[in-house]
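These notes are about the structure you will find just below.
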Amino acid sequence: MSTVFIALQANEETRPIIEAIEIDNPQAVVNRQPAMVKIDAQGQLVIRKSTIEEQLGRDFDLQELHINLISLTGNVVEDDETLTLSWNS
Amino acid sequence: MDMKVAKKKLGLKEKYRALTRDLGWDTTYQTKDAVFPYVGYEGIKIHDWDKWEDPFRLTMDAYWKYQAEKERKFYAIIDAHAQNNGHLNLTDARYLSALKIFLQAISPGEYAAHKGFARAGREFPGVGTQVACQMQAIDEIRHAQTQIHAMSNYNRYYNGFHAFADTRDRIWYTSVARSFFDDAMSAGPFEFMIAIGFSFEYVLTNLLFVPFMSGAAYNGDMATVTFGFSAQSDEARHMTLGLECIKFMLEQDPDNLPIVQNWIDKWFWRGFRVLGLVSTMMDYMLPKRVMSWREAWDIYGVENGGALFKDLARYGIKPPKGWDDAEKAIDHMSHQFMLGLYQWSFGTAFHSWIPSEDDMNWLSAKYPDTFDKYYRPRWKHIKKLADAGTPFKNYGLAKLCQCCQLPTVFTEPDDPTLTCHRETVYKGQKYHFCSDGCQHVFENEPEKYVQAWLPMPQLFQEPINGDLGAWMEWVSLRDGKDNGDYAGSEDQQNFEAWRGLATTNQ
Amino acid sequence: MTVAAIREYIGVPRDSVENFGGKQIVYASWDRHLLFAAPFLLCLPPETRFRDLVDGPLTALLQADPDAAAIDWTKVEWLKDNQPWTPDFDASLAANGIGHKDQLRFRTPGLNSLSAAA
């Protein structure tokens with residue numbers, strides 16, 4: 001199975017987001033590099049609004065991710081509740 | 001007082017539909033073909049533009065909100081950098097060579113991409129496509145502006161930044177990036193999307209922005225990290241657009257497959273050549289290195305690109321034709337470029353240098369099969385010449401590739417000791433290439449590439465006629481300041497003196 | 001198809017020989033001597049004697065290589081257009097059949113101070 005990833009800036013805004021991604025994707029590997037965090041996962045990675053909101057303690061619009069996003073791969077599927085990255089192979 | 005009625009907020013999907021498709025209209029007093037005259041000649045067949053879907057479903061209102069937030073963050077850091085002598089926090093001022101290359105070659109590319117997407121947005125009939133192209137056009141001009149603004153802080157103190165616009169138009173190495181974007185912009189709208197949206201953004205920019213910007217952070221360059229990440233936050237959307245575009249073409253009609261494959265082959269190779277210089281920035285120009293070019297390639301090229309092409313195989317897409325040759329070049333290219341940059345440094349508006357013993361040991365650890373065998377002996381000889389007071393300057397101007405416009409520094413894919421010589425004759429004229437990949441691109445569209453403005457042969461034509469001094473003036477290169485070895489340069493002396501002032505009470 | 005275009009399109013080459021004020025471009029490179037990062041671009045009148053190309057600009061450019069002094073020009077193996085070829089040192093470039101933008105390569109077997117075995 002191919003690896004998908006998402007890379008976020010390392011800052012105060014993304015810390016709870018990264019924690020939420022870790023909760024929702026126990027198989028994901030978190031790589032901390034200078035000024036950025038790259039999260040790899042086999043086949044699929046799911047980012048859930050509700051988990052981020054729990055970690056953050058406030059409402060969160062998934063599109064806020066754009067502010068601190070560095071890069072990602074895979075086919076993107078987004079609705080109001082989740083953003084999913086996946087490869088069809 | 002009016003009763004407050006709780007309005008139901010539109011969901012993401014409804015909002016996207018309302019703010020994209022619902023803004024479109026059918027033409028009445030002109031035919032659709034007359035309004036969109038460039039959408040057919042490339043041979044791509046589209047049956048239903050409404051099938052185009054931006055996976056992020058970003059609409060203009062949300063776009064402005066988030067972009068404004070990015071700008072506020074960007075300027076907060078740029079101001080702090082300028083107010084606190086941020087330039088003295090660099091690990092070493094030789095690092096600035098990478099930024100000078102970036103400003104002279106890449107930032108103008110952002111501006112070119114802005115023009116290209118503005119045009120593509122006008123030429124595509126689909127509303128979703130138009131909106132996505134409009135956002136990307138605005139992104140790209142923002143990138144050019146924030147980069148120039150961020151790097152202007154360095155122009156107050158260091159050489160090589162002062163004339164990037166002249167450098168962009170006239171100096172030899174920037175024609176590599178310029179010809180890449182000119183090639184894309186003079187293609188049709190679909191090919192443009194494959195060139196920039198897919199090959200450049202999706203397959204290759206990770207190699208430029210991700211490890212390089214992380215490297216900037218590692219080397220204390222707050223200004224670049226900020227513009228880099230601010231730009232990069234848009235790139236994820238650009239990459240997704242590139243991938244969406246390619247899937248859209250392939251799903252619309254099976255006849256599109258061979259055309260798209262041909263563009264993937266072409267633009268992968270063109271992009272690989274343009275971004276090749278990043279290998280040198282990573283392996284040689286960062287005083288503190290995050291990872292080697294080889295390591296970055298393994299992650300973002302092999303693993304990530306490999307996954308992408310495996311995914312696209314369901315449409316019949318194969319990995320780009322030049323993929324294997326690219327892999328064979330990875331352990332050689334950064335060394336081949338840096339050796340070239342050093343010996344031609346009299347003609348570059350940035351500094352280069354001989355790697356220290358420590359640097360060479362790092363390179364040999366990262367490139368165990370190639371560095372000691374092929375490249376260390378050359379650096380050792382160059383060091384000997386410098387120590388003897390006769391530094392190596394190669395005044396023999398270089399043969400350039402008719403397609404990528406780089407000096408033909410590359411070796412045969414299977415023989416690293418032999419320069420790769422490729423040539424062809426078209427309409428009685430001879431043309432030279434750096435590789436099979438570039439020769440193939442030329443041979444597919446010779447009428448396009450015969451017009452290449454190659455800086456080296458141009459130097460011997462009007463108005464320069466081979467006069468190196470006149471050329472330097474024309475490209476705004478100040479001899480003895482902007483060019484040459486970093487060792488002994490004004491940049492080095494100033495950085496050391498100012499840092500001394502900043503960290504002592506002298 | 002020689003270019004994808006909406007109508008017939010003819011490109012104008014920028015490096016035609018008539019743009020060089022009576023001179024021509026010749027590319028020269030020394031096989032397996034990669035201290036010189038790329039083939040040299042020389043711009044010379046076609047009447048230049050081949051010997052003057054070798055003894056003049058070419059020899060000057062090669063000095064930085066540790067093998068330069070050991071080159072025996074009478075034993076050098078030449079290629080033109082990537083094919084074996086024998087120059088007449090006393091004839092001009094034109095009389096030697098060296099056209100505009102031709103690539104000359106030369107080999108010096110046994111001289112390989114800086115080159116790893118292939």
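No value in this document is a laboratory result; all are computed from the given coordinates. These figures come from a predicted structure and were not determined experimentally. Because the Cβ atoms are built from the backbone with ideal geometry, glycine has one as well, and the counts that use them run over all protein chains shown.
Inter-chain neighbour count for C:22-35: the average number of beta-carbon atoms from partner chains within 10 Å of each residue's beta-carbon is 4. Separation of the alpha carbons by more than 19 angstrom is noted, of B:Lys266/B:Lys399; B:Lys9/B:Lys65; B:Lys266/B:Lys448, for B:Lys266/B:Lys399. Separation of the range B:198-242 from the range C:18-67 is 41 Å, based on Cα centroids.
Among B:Phe410, B:Phe56, sorting on how many other beta-carbon atoms sit within 10 Å of each Cβ, with the fewest leading, yields B:Phe56, B:Phe410. Neighbouring Cβ atoms from other chains, within 10 Å of the Cβ of residues in C:5-16, number 6 on average. In terms of its alpha-carbon gyration tensor, the protein assembly as shown comes out prolate; a/c meets the 1.5 threshold, and the first ratio a/b outweighs b/c. Answer rounded, prolate or oblate for the range B:2-79, using the Cα gyration tensor with square roots of eigenvalues a ≥ b ≥ c: rounded when a/c is under 1.5, else prolate when a/b is larger than b/c, else oblate. Verdict is oblate for the range B:2-79. Summing charges over all other residues whose Cβ lies under 12 Å from the Cβ of B:Asn159, with Lys and Arg as +1 and Asp and Glu as -1, gives 0.
The ellipsoid that matches the Cα gyration tensor of chain B has semi-axes, each √(5λ) in whole angstrom, of 40, 29, 21, with the longest given first.
Here the range B:296-400 has an Rg and Dmax of 18.1, 61 Å, counting Cα atoms alone. Cα centroid separation, the range A:5-38 to the range B:252-307: 24 Å. Maximal additional length on extending the B:Ser364-B:Val425 stretch stands at 17.9 nm, based on 0.36 nm per residue less the C-alpha distance.
Multiplying the residue separation of B:Glu71 and B:Lys310 by 0.36 nm and subtracting their alpha-carbon distance yields 82.3 nm. Phi angles of the range B:21-38 translate, via the Karplus equation with coefficients 6.51, -1.76, 1.60 and θ = phi - 60°, into HN-Hα couplings of 4, 5, 8, x, 8, 8, 6, 10, 8, 10, 6, 4, 5, 6, 7, 10, x, 9 Hz per residue; Gly and Pro are given as x. Across chain B, Cα pairs under 8 Å and at least six residues apart give a relative contact order of 17 percent.
Comparing B:Gln67, B:Ser107, B:Pro37 along the charge dipole axis of the range B:36-124, the residue lying farthest to the positive side is B:Ser107, per the Cβ-charge model.
FRET efficiency for the pair B:Asp372 and B:Lys318, taken as 1/(1 + (r/R0)^6) with r the Cβ-Cβ distance and R0 = 45 Å, rounds to 0.80. For the range B:406-423, backbone phi angles converted through the Karplus equation (6.51, -1.76, 1.60; θ = phi - 60°) give residue-by-residue couplings of 6, x, 7, 8, 8, 9, 4, x, 10, 8, x, 9, 10, 4, 7, 9, 9, 8 Hz, Gly and Pro being listed as x.
Work out the FRET efficiency for A:Glu19 and B:Arg478 from their Cβ-Cβ distance, taking R0 = 45 Å, and round it to the nearest 0.05. The formula returns an efficiency of 0.30 here.
Extents of the range C:21-107, taken as max minus min of Cα coordinates on every principal axis and listed largest first, are 34, 25, 22 Å. Other residues within the sphere of radius under 15 Å centred on the Cβ of B:Asn394, judged by their own Cβ, net out at +1 (K and R +1, D and E -1).
Entry note, chain B: the mean residue ellipticity at 222 nm calculated from DSSP H runs of n ≥ 4, each adding -39500 (n - 2.57), is -16500 deg cm²/dmol after division by the residues and rounding to the nearest 500. Counting only DSSP beta bridges with both residues in the range C:21-107, the antiparallel share comes to about 70 percent. Measuring nothing but alpha carbons in the range A:3-86 and taking Rh as the Kirkwood radius, the Rg to Rh ratio lands at 0.91. Put simply, the amide H of B:Ala398, placed in the peptide plane, has neighbours under 5 Å in C:Leu41, leaving out anything fewer than 5 places away on its chain. Computed from the alpha carbon atoms alone, the convex hull of the range B:197-282 holds 67 Å³ per residue. The B:Asp255 and B:Thr504 beta-carbon pair, evaluated with R₀ = 56 Å, returns a calculated FRET efficiency of approximately 0.20. For a straight C-alpha distance cut-off of 30 angstrom, the lysines reachable from B:Lys288 (same-chain residues fewer than eight places away being disregarded) are A:Lys38, B:Lys70, B:Lys73, B:Lys100, B:Lys328, B:Lys366, B:Lys373, B:Lys380, B:Lys383, B:Lys384, B:Lys393, B:Lys481.
Taking amide H as placed 1.01 Å from N in the peptide plane, A:Asp80 has its amide H under 5 Å from the amide H of B:Leu12, each at least 5 places away in sequence or on another chain.
Go ahead and collect, in residue order, the members of the range C:31-72 whose backbone nitrogen is under 15 Å from a label point 7 Å along the Cα-Cβ direction of C:Val17. Of the residues in the range C:31-72, C:43-49 have backbone N under 15 Å from the label point off C:Val17. Relative contact order for the range B:403-464: 27 percent, from Cα pairs under 8 Å spaced at least 6 residues apart, divided by residue count.
Residues B:Arg21, B:Arg178, arranged from fewest to most other Cβ atoms within 10 angstrom of their Cβ, appear as B:Arg21, B:Arg178. Specify the inter-centroid distance of the range A:65-86 and the range B:4-67, based on alpha-carbon positions, in whole Å. The range A:65-86 and the range B:4-67 have Cα centres separated by 20 Å. Ordered by the count of other Cβ atoms within 10 Å of each Cβ, fewest first, B:Trp293, B:Trp379, B:Trp453, B:Trp474 give B:Trp453, B:Trp474, B:Trp379, B:Trp293.
Using the Cβ atoms and a cut-off under 15 Å, what net charge is assigned to the surroundings of B:Glu423, where Lys and Arg are +1 and Asp and Glu are -1? Spelling it out: positives minus negatives among the neighbours equals +1.
Between A:Thr82 and B:Asn444, the modelled label-to-label distance comes to 3.9 nm, taking each label 7 Å out from Cα in the direction of the beta carbon.
Projecting the Cα atoms of B:Ala177, B:Leu19, A:Pro16 onto the charge dipole of the protein assembly as shown (Cβ charges, centred on the Cα centre) puts B:Ala177 farthest toward the positive pole.
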